[in-house]
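S.K.: Take a look at the following structure, please.
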Amino acid sequence: GLLMALDVPQERGLGHLDQRYLDGLEVCRFPLLPFLQPLPLDWMYLLYTIMFLGALGIMLGCFYRLSCIAFLCPYWYLLLLDKTSWNNHSYLYGLLGFQLALLGADRYGSVDGLFRPQKRNAHVPLWNYALLRAQVFIVYFIAGLKKLDADWVGGFSMGTLARHWLFAPFRLVLSEELTSRLVVHGGGLVLDLSAGFLLFFDATRPLALVFVTYFHCMNSQLFSIGMFSYTMLATNGLFCRPEWPRRLLACCPPWLRGVLPSTQPPQPSPDCHYGGRGARGGLRPRQHLAAAFTILYVLEQLFLPYSHFITQGYNNWTNGLYGYSWDMMVHSRFHQHVKITYRDGLTGEVGYLKPGVNPQVDLLWSPHCGSCGPPCCGHYSQQQLGGTHRIWGCCRVLTACPPRLVDPRVDLVRAPWSPWTPTPWLLPLLADLSPWRQRLQELEAQLDGHTDTVFIADFPGLHLENFVSEDLGNTSLRVLQGQVLVELVEQQQNHSLQEGEGMQLPAGQYHKVHTVSPEPSCYMYLYVNTTALELERNLTRLRELRERVRNGTEQSPLPPELRPILGEPPPAGVPLDPVVSLFLRREQREQRRERESSLAQRLQRFLRRKFFLFRR
């Protein structure tokens, strides 16, 4: 319960709630239910306090039912208050809180048991365990089924994760590509599909506990997912035999057992049915109701991840609300190009909004844009620029070839949206371009260390307006599929390019790339940051010059403005060259990194980070 309560303020969107009130800003909110609105600031503080006290009461088993309600109601209110906070993890915490409110989790080692003898050390009905175990099993198994997606099986979802230091032991015997395919993607798929089964059976449970613990400990270091990894670690005990806490406490010294929960066998409970072992009468209606509820709840949880044909208005590239699909980490997406245009309906003035100026609005175009989906875009347009304004949006998300997410020809203020019908102004994912992934990786591998590339896909009849920075002195465009028309705005020239053709783009100018073929186009930018390349060359020359001076092979005297590279102070009245200043700062960073690279210091920094995380 405490893990859930501590994690709520850190969820997306809710973490900035108090600061928005304090700044007195007019904010745009995305409630999942239209009638929900935030309370005044003082009441929100009270709500957080009640939720925390409820979580504390659940943990201690103190006023258990009341504590469950005190936690559950504020939590779901805060969760439904903002679509951007909705994800699989926050949804799971709400489900566990709901289940705990129905279960008898205050029977052993609880404060309530000290004052109510009939609850103290009493049996718990088996359906309590069945409900929690089924929920955790569904999280694992459905996540595994979702990973049968082509992106995950093909090893593209977490393409760069194998470079993390946690996978260094695997890279000793496997290449980075094999580590990504076999360990990251293959291991994740097998573990999710099998974890629930392995945890359930006594013979395989010890092995499952080792792998599941290792898996969640790795996730806590790989991803910023709050308390989810630790919550899942805590659920491991649900699959063990119910008497494992008594066996653990029985190993404690006798002088300590007096303040610990009892290790005696539990007493019978009126909530349980014992069958042939001294049963008093048959099943009661309450027990029939509990069994029916357990079955219906499990069936509902199995149905929801595949119910997106009902809530089609929330469907994006994630197929429905990201929060109850359990498709965790299946798709890795990052927005590449965001452009928001508005037009004043009275004056006709056309302007642009900076996407990242508001952290909350930036969530719309974040990698989790499917968590709130199309209604967030529409609600943002109507709340911030409604009335006499019109607004268009364009967002590109990194996939094989990044296509558009929003149709830029649609006025989002007046765009229709319904939770039950597909959203017409959301453009489909260009799945036909998925086979290009392998070829794109081969093209990137052929580039030298100074050349970067960006792949773009676009729909017929649309165009991309782009600006080439003056630093990118060597930028070219090459068509991989379809036909495009490149319009050089300042030069007022048009160039038609077919598949396989390319052209050089002028730096410091705007250009537009129109897709004129009947099918979607795919093209790539090849560019070299000439400014950065020249800077690296200058720094390399300075490093070589310093080495020649130190070993005596440099014959000509060193100019005064370069004397600082030898550790000497700059001459009076001579300004420090910017390149020399950058060279000295890099040298200082490298020296500091070498001094701080001992294992003990790295371990100390790691433990400090974890200490502050848990203290927060």
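S.K.: With a 1.4 Å probe and every protein chain left in place, tell me how much accessible area Arg585 has, in Å² to the nearest 10.
M.R.: Looks like 110 Å² after rounding.
S.K.: What does the accessible area of Glu490 come to, in Å² to the nearest 10, when a probe of 1.4 Å is used?
M.R.: Spelled out: Glu490, probe radius 1.4 Å, area about 120 Å².
S.K.: Given Cα pairs under 8 Å that are at least 6 residues apart, what percent is the relative contact order of segment 435-528?
M.R.: Details: 205 pairs, mean separation 39.2, N = 94.
Over segment 435-528, the number comes to 42 percent.
S.K.: While we're on this one: Relative contact order of segment 532-615, please, whole-number percent, based on alpha carbon pairs below 8 angstrom and at least 6 residues apart. Let's see the in-between values first.
M.R.: Values: 32 pairs, mean separation 19.1, N = 84.
Over segment 532-615, the number comes to 23 percent.
S.K.: May I ask you to rank Trp76, Trp43, Trp244 by accessible area, largest first, using a 1.4 Å probe over the protein chains only?
M.R.: The most accessible residue leads, giving Trp43, Trp244, Trp76.
S.K.: Also, I was wondering about something else. Where a Cα-Cα gap under 18 Å defines reach, which aspartates and glutamates qualify for Lys146, not counting those fewer than 8 residues away within the same chain?
M.R.: Asp192, Glu300, Asp327
S.K.: Over segment 193-293, what is the relative contact order in percent, taking alpha-carbon pairs closer than 8 angstrom and at least six residues apart?
M.R.: 16 percent
S.K.: Mind jotting down the distance between the C-alpha centroids of segment 152-204 and segment 547-580, whole Å?
M.R.: What the calculation gives is 51 Å, centre to centre.
S.K.: Something else about it: Rounded to the nearest 10 Å², what accessible area does Thr553 have for a 1.4 Å probe in the complete protein model?
M.R.: Accessible area, nearest 10 Å²: 80 Å².
S.K.: Separate question: Quick one: ranking Phe303, Phe170 by accessible area, 1.4 Å probe, largest first, what do you get?
M.R.: The residues order as Phe303, Phe170, largest area first.
S.K.: Okay, next question. Rounded, prolate or oblate for segment 435-528? Axes are the square roots of the Cα gyration tensor eigenvalues, ordered a ≥ b ≥ c, and the cut-off for rounded is a/c under 1.5.
M.R.: Judged from the Cα gyration tensor, segment 435-528 comes out oblate (a/c at least 1.5, b/c at or above a/b).
S.K.: Calculate, for Arg286 and Leu178, the FRET efficiency according to 1/(1 + (r/R0)^6) with r their C-beta to C-beta distance and R0 51 Å; round to the nearest 0.05.
M.R.: On the way: r = 56 Å, r/R0 = 1.09.
With a Förster radius of 51 Å, E is 0.35.
S.K.: Suppose the chain between Leu485 and Glu444 were pulled fully straight at 0.36 nm per residue; how much longer would it get relative to their current alpha carbon spacing?
M.R.: 12.3 nm
S.K.: For Lys339, go through the lysines and keep the ones whose alpha-carbon is under 16 Å away, minus same-chain ones fewer than eight residues off.
M.R.: Output for Lys339: Lys354, Lys512.
S.K.: Take Thr347, Thr341 and sort them by solvent-accessible surface of the protein heavy atoms, 1.4 Å probe, largest at the top.
M.R.: Thr347, Thr341
S.K.: I would also like to ask the following. Segment 177-280: which trypsin sites (Lys or Arg not before Pro) are DSSP loop and have at most 15 other beta-carbon atoms within 10 angstrom?
M.R.: Loop-located and lightly packed - Arg277, Arg280.
The values are calculated or read from the model by the stated rules, or taken from the named source; none is laboratory data. This one's a predicted model, so the numbers in the text were calculated from it and none came from an experiment. With ideal geometry, Cβ positions are generated from the backbone for all residues, glycine too; neighbour counts draw on all protein chains shown. Side chains included, ligands, DNA and RNA excluded: accessible areas come from the protein's heavy atoms. Shrake-Rupley method; radii C 1.70, N 1.55, O 1.52, S 1.80 Å.
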